[in-house]
Amino acid sequence: MKKIIVAAAALIKDGKIFIAQRPADKKPALVWEFPGGKPEAGETLPQALRRELQEELHIDTKIGDFICQNTYNYDFACVEINLFYARMTNPQAAIVDNEHIATQWVSVSELDNYDFAAADIALVKHLKSLFQ
């Protein structure tokens, strides 16, 4: 089975976490996720995450500590997600998302109100345990 390694951000601002909904044409479709993406050749996961946030959200970020990892076997691939803390270097900057169909800033307690991708559910549970 094909393995996909992903770096994802727990992008935090004013006590809220940024989440995004995947488009219908990307597997898994229409579910919520933490933004991020796949590393290119020679990139570390934090470098890939910073680049992906710039490309997808048009923001500059400082990538912080590693939070946790989860591996999930979808029918199309085995996905390994590595979650890192991230913050915008300019918190007043507007996020311009060109990858997702919807975005939200939510509190940790509100995360359960969203249908997350199966690979992200363990990340949500871990984040909730950190903020209780």
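Identify all residues within the stretch 39-60 that are assigned to a loop (DSSP other than H, G, I, E, B) and over 16 Å from residue 98 (Cα atoms); write none if there are none.
Matches in the stretch 39-60: 39, 40, 41, 42, 43, 44.
Tally time: how many residues in the stretch 115-132 are outside any helix (DSSP H, G or I) and surrounded by 16 or more Cβ atoms within 10 Å (Cβ to Cβ)?
Filtering the stretch 115-132 for residues outside any helix (DSSP H, G or I) gives 115-117, 131-132.
From what's left, surrounded by 16 or more Cβ atoms within 10 Å (Cβ to Cβ): 116-117.
Counting residues in the stretch 115-132 that are outside any helix (DSSP H, G or I) and surrounded by 16 or more Cβ atoms within 10 Å (Cβ to Cβ) gives 2.
Would you tally the residues in the stretch 65-87 being over 14 Å from the mean Cα position of the chain (by Cα) and surrounded by 15 or more Cβ atoms within 10 Å (Cβ to Cβ)?
Count: 2.
Which of the residues that make up the stretch 22-56 are in contact (Cβ under 8 Å) with a residue 60 or more places away in the chain and surrounded by 20 or more Cβ atoms within 10 Å (Cβ to Cβ)? Write out each step before concluding.
Filtering the stretch 22-56 for residues in contact (Cβ under 8 Å) with a residue 60 or more places away in the chain gives 22-24, 28, 30-35.
Of everything in the stretch 22-56, those that are in contact (Cβ under 8 Å) with a residue 60 or more places away in the chain and surrounded by 20 or more Cβ atoms within 10 Å (Cβ to Cβ) turn out to be 32, 33, 34, 35.
Mind counting the residues in the stretch 17-38 that are among the aromatic types (Phe, Trp, Tyr) and assigned to a strand (DSSP E or B)?
First, pick out the residues of the stretch 17-38 that are among the aromatic types (Phe, Trp, Tyr): 18, 32, 34.
Next, only the ones that are assigned to a strand (DSSP E or B) stay: 18, 32.
Qualifying residue count, the stretch 17-38: 2.
On the basis of being of a type in the set (Lys, Arg), modelled with pLDDT of 95 or more, surrounded by fewer than 17 Cβ atoms within 10 Å (Cβ to Cβ) and within 16 Å of residue 84 (Cα to Cα), does residue 62 make the cut?
yes
Working only within the stretch 66-93, note down all residues that are touching a residue at least 12 places away in the same chain (Cβ under 8 Å) and part of a loop (DSSP other than H, G, I, E, B).
74, 76, 77, 89, 90, 91, 93 - these are the residues of the stretch 66-93 that are touching a residue at least 12 places away in the same chain (Cβ under 8 Å) and part of a loop (DSSP other than H, G, I, E, B).
Consider residue 14 against the criteria (1) in contact (Cβ under 8 Å) with a residue 60 or more places away in the chain; (2) surrounded by fewer than 17 Cβ atoms within 10 Å (Cβ to Cβ); (3) closer than 16 Å to residue 126 by Cβ: it satisfies all of them except one. Which criterion is unmet?
Among (1) in contact (Cβ under 8 Å) with a residue 60 or more places away in the chain; (2) surrounded by fewer than 17 Cβ atoms within 10 Å (Cβ to Cβ); (3) closer than 16 Å to residue 126 by Cβ, the lone unmet condition for residue 14 is (3).
The values are calculated or read from the model by the stated rules, or taken from the named source; none is laboratory data. Just so we're clear, the structure is a prediction, and the values are computed from it rather than from any experiment. Counting neighbours? That spans all protein chains shown, and the Cβs are built from the backbone with ideal geometry, glycine included.
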